[in-house]
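Beneath this line is the structure, given in structure tokens, with notes to follow.
The values are calculated or read from the model by the stated rules, or taken from the named source; none is laboratory data. Quick caveat, the model's predicted, so the values are computed rather than measured. Glycine gets a Cβ as well: all are built from the backbone with ideal geometry, and neighbour counts include every protein chain shown. Keep in mind that these areas ignore ligands, DNA and RNA; they rest on the heavy atoms of the full protein, side chains included. Shrake-Rupley method; radii C 1.70, N 1.55, O 1.52, S 1.80 Å.
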Amino acid sequence: MVPGNSTLESVLQIESQLHISHKKVLEYLKRHNKATRAEIAKATGLSNQTLTRLTKQLIDLNIISEDSKVSGLRGQPAIYLRIISGVFACIGIVFEHDRIVVLVDDLSGENLIRLSKEGTFLTAELAIKSATAMLNEAYSKIPSALKTLGIGISISGFFTNIEGRICSQQDPQGWSKIDWQETFAHKYHCPCYVENDGCAASIGFSLSKAGAKLHSFFLLLFTLDIGGGFVFEGQLVNGTYGNAGEIAALFSSDLNSARPTEGSLYNYLNKVWEEPVTNENIVSAFNQKDTNIKSWITACVETMKFPLKSIQSLLDPEAIIFTGRLPIEIQQELSEKVVVSGPSYGDVYAPTPTILVDYDQNILEKGVTAIPAFYFFNGS
């Protein structure tokens with residue numbers, strides 16, 4: 001069932017009653033699940049008086065609620081605020097080389113619907129057709145009372161000079177002709193936001209507790225290829241055409257060179273192993289100190305030197321985040337072995353970012369459904 005215009009009008013009616021301070025409160029609650037007014041005031045800089053007024057309005061709009069938790073033997077129990085489930089939802093579509101995933105998440109963070117189709121989607125037309133079928137199925141299951149903030153879309157590729165158009169490695173001509181607003185926004189009567197996969201994952205991480213603690217970070221997403229995204233003071237840095245963070249362009253174009261990607265690892269092991277390559281036997285071989293995997297990691301460490309130095313020199317992030325479908329054990333090994341170098345004079349060196357591994361391998365899925373919320377929170 002495709003939603004009517006009334007769904008969008010309902011969201012706009014509620015949003016018209018909210019301003020940026022309301023959204024700061026909601027953003028903090030989304031990150032932390034629940035919080036006291038004192039915690040929100042400290043994090044947002046809002047005064048207690050202002051926060052009391054804002055939270056009352058959000059409670060009256062039936063967006064957040066209060067609950068209490070006994071804080072100990074002394075004093076009054078702390079009053080916690082949380083986002084009410086069943087009010088707002090965000091939809092996400094992940095286009096990957098070997099699968100398409102459609103998700104519906106409640107604004108409170110709960111996943112309500114997840115539909116996935118495995119396969120090889122060689123044309124944009126086939127991928128869009130499959131995604132639309134799953135999206136129609138998802139909409140048929142969404143409760144009518146749930147208001148959709150928008151559809152987030154993630155796809156590996158770069159934006160062209162036509163606004164909103166993206167070119168992907170699989171069927172470049174086909175993808176670059178897709179009008180996302182016509183294909184999804186107009187049909188489903190809700191805003192549609194498109195990001196490449198690195199930026200989508202960066203948005204997801206920025207709305208996590210770990211991401212909220214960082215002043216800035218550059219995220220590296222290891223999938224079939226390498227995606228990247230830069231977040232500064234909670235804002236995604238997109239660039240003129242939306243192509244900031246295209247870290248893959250800094251790696252060698254030699255297909256035989258080692259790259260920290262699932263595709264590179266699989267191709268390498270397919271050549272040296274005489275058995276099918278799966279994540280399970282990769283992890284097993286890694287734990288048994290397989291020399292082939294160790295050699296591949298060593299080669300990747302070398303190929304990562306220039307891209308990481310470029311990130312450090314141009315952006316100076318507080319942290320560099322590793323995440324994605326590459327086995328966590330290998331991401332951890334890479335994080336321990338790579339060296340990020342910055343400028344130095346004599347024996348005085350510039351500070352370098354901390355390298356962190358995000359152990360949530362579903363960050364891309366969480367990120368794509370976070371895209372509508374991210375732009376909702378950052379709107380005026």
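Contact order for region 192-254, expressed relative to its length and based on alpha carbon pairs under 8 Å spaced 6+ residues apart, stands at 30 percent.
I20 contributes about 70 Å² of solvent-accessible surface, heavy atoms of the protein only, 1.4 Å probe.
Would you tally the net charge around A138, using a Cβ to Cβ cut-off of less than 14 Å, leaving A138 out, and scoring K and R as +1, D and E as -1? Computed value for this residue: 0. These residues, T52, T261, T120, T44, go from largest to smallest accessible area, 1.4 Å probe, as T120, T52, T44, T261.
What does the net charge come to around P327 if you take all other residues with beta carbon closer than 10 Å to its beta carbon, with K and R at +1 and D and E at -1?
On the way: positive: R325; negative: E262, E280, E329, E333.
Net charge in that neighbourhood comes out at -3.
Can you give the percent of C-alpha pairs in the chain whose distance is more than 41 Å? Here the tail beyond 41 Å accounts for 18 percent of pairs. Cβ-Cβ distance of I14 and K337, R₀ of 56 Å, FRET efficiency by 1/(1 + (r/R0)^6): the value works out to about 0.70. Of the whole protein surface, E182 contributes about 110 Å² of accessible area at a 1.4 Å probe radius. State which entries of K141/K187; K42/K147; K305/K337 exceed 20 angstrom in Cα-Cα distance in the structure shown. Listed pairs above 20 Å: K42/K147. Separation of region 105-127 from region 283-353 is 31 Å, based on Cα centroids. Spacing of the modelled spin labels on I79 and Q361, each 7 Å from Cα toward Cβ, amounts to 4.4 nm. Placing +1 on the Cβ of every Lys and Arg and -1 on the Cβ of every Asp and Glu, with no other charges, gives region 253-375 a dipole of roughly 220 debye about its Cα centre. Helix-only arithmetic for the chain: the sum of -39500 (n - 2.57) across DSSP H runs with n ≥ 4, divided by the residue total, places the mean residue ellipticity at 222 nm at -12000 deg cm²/dmol. In the elastic network of the chain, a GNM with C-alpha springs shorter than 10 Å, the most mobile of L51, L255, L26 is L255.
Loop-resident trypsin sites (Lys or Arg not before Pro) (DSSP state other than H, G, I, E or B) in region 170-278 with no more than 16 further Cβ atoms inside 10 Å of their Cβ: K177, K213. Taking the DSSP beta bridges in region 226-380 as the whole, what percent of them are antiparallel, to the nearest 5? In region 226-380, approximately 55 percent of DSSP beta bridges are antiparallel ones.
Note on D60 and S313: their simple-model spin labels are 5.7 nm apart, each label 7 Å out from Cα toward Cβ.
How much of the DSSP beta bridge set in the chain is antiparallel, as a percent to the nearest 5? All intermediate terms of the calculation are to be shown ahead of the outcome.
Values: 37 of 60 bridges.
Antiparallel bridges: around 60 percent, rounded to the nearest 5.
Leaving ligands, DNA and RNA out of it, report the carbon-plus-sulfur percent of the accessible area of the chain at a 1.4 Å probe.
Values: 9430 of 18250 Å².
Looking at the chain in its full context, I get 52 percent from C and S.
Per residue, the accessible area of region 226-380 comes to 50 Å², computed with a 1.4 Å probe over protein heavy atoms only. With K and R counted +1 and D and E -1, the other residues having a Cβ less than 9 Å from that of E96 yield a net charge of 0.
Annotation for E118 and D179: the two label points, set 7 Å from Cα along the Cα-Cβ direction, are 3.7 nm apart.
Quick one: how many Å² of W175 are accessible to a 1.4 Å probe, rounded to 10? Approximately 10 Å² of W175 is accessible to the 1.4 Å probe.
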